[in-house]
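The values are calculated or read from the model by the stated rules, or taken from the named source; none is laboratory data. Everything quoted here is computed from the prediction, not taken from an experiment. So basically every Cβ, Gly included, is an ideal-geometry build from the backbone, and we count neighbours across all protein chains shown. With ligands, DNA and RNA removed, areas are computed over all heavy atoms of the protein, side chains included. Shrake-Rupley method; radii C 1.70, N 1.55, O 1.52, S 1.80 Å.
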Amino acid sequence: MNELKPVKMIQALALFDEKTAGDCGLALWAAFHEVEEFYKRAGARIDYQRYFIAPVMPAAPFLWNIAHLVGRFIPGGQLQRAMDVLSSDQTRPLKLDDQLAWGTRGRTYDQSQLALAVRNLIGPVGSDYHLMIVTDRLITPPPKWRYIIWETLEMVNASVISATPLDPDYWRDKDPDRVLTVKKRARAAVLNITGGLIGLKHCDNPACFLFDDVDSVTVLDEMKCIGPEHNLNALDGYGFNDRQKDPTIIEPPALQPVAKRVL
């Protein structure tokens, strides 16, 4: 059994586009909570702070509110949604200087500058807190790369995930479950980074959330569960079923029936 390291973490959505915030904000917020519940199964001790930074604050659509109300009266129908775990003190209006964050490569953002700007917006927090940002801006890739999904910035104790290449719309793919796809890809990225922070080693198993070589969104799509090579009995073969069509529902970890065959 791995000895997991305690971690202090700030998770922040930094969403500049009003439409993206409305479409995907709550789904990404749900993904943060799903990762927390996932690693909690293995006894991970992570002290979380979370912030929703956007030009507009999220609101659950009317029909989703009705469905949630009905669910309260159906045996086993109680569902927890992102709005249930988002409080007003976690929201921040977007007050980031767009120009300060532009990178040197086309219309990309400098991830280091973005991390510093988000820290300044949040206010005084100890540097021992790892800052994890999910943003709707492309971040600056290395030379000759078209894009990167995330970068870990050791100098500022941060990681920045770009949700832009996670979006089927970016690739002009017609995906009827677009927001759910963004959520699943972002969740896999957050699981990968968080696993490393708590002391889990990355691996060469492409079906595992801790796969080491994540260089495209198609790689994220193949990451389904935690593989047995990590000796995490509480999580071996666990992933998410994503049976709910509402991507703002916080899905519990679930044993994947094909995990042993895939691995």
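Observations on the model:
- Residue ID - farthest from Lys19 (Cα to Cα), chosen from residues in the stretch 178-199 that are over 12 Å from the mean Cα position of the chain (by Cα) and open to solvent by less than 10 Å² (accessible area, probe 1.4 Å): Ile198
- Consider the stretch 1-24 and keep the residues that are in contact with a helix residue (DSSP H, G or I) (Cβ under 8 Å, 6 or more places away or on another chain) and in a helix (DSSP H, G or I). The one that is surrounded by the most Cβ atoms within 10 Å (Cβ to Cβ) is Cys24.
- Test: residue in the stretch 203-220 that is over 18 Å from Pro253 (Cα atoms), under 14 Å from the mean Cα position of the chain (by Cα) and crowded, with 19+ Cβ neighbours inside 10 Å: yes
- Extreme residue, farthest from Arg243 (Cα to Cα), among residues of the stretch 52-94 that are at pLDDT 90 or above and of a type in the set (Lys, Arg): Arg92
- Pairs meeting the criteria (first residue in the stretch 148-172 and at positive phi, second residue open to solvent by 20 Å² or more (accessible area, probe 1.4 Å), beta carbons under 7 Å, at least 6 apart or on different chains) are Asn157/Ser127.
- Pairs with Cβ under 7 Å, 6+ apart, first in the stretch 233-250 and assigned to a loop (DSSP other than H, G, I, E, B), second open to solvent by less than 40 Å² (accessible area, probe 1.4 Å) and polar (S, T, N, Q): Gly237/Gln256
- Among the residues making up the stretch 35-50, a single one is part of a helix (DSSP H, G or I) and in contact with a helix residue (DSSP H, G or I) (Cβ under 6 Å, 6 or more places away or on another chain): Val35.
- Test: Asp167 is of a type in the set (Asp, Glu), surrounded by 19 or more Cβ atoms within 10 Å (Cβ to Cβ) and under 24 Å from Asp110 (Cα atoms): yes
- The sole residue among Thr135, Thr140 that is over 17 Å from the mean Cα position of the chain (by Cα) and surrounded by 11 or more Cβ atoms within 10 Å (Cβ to Cβ) is Thr140.
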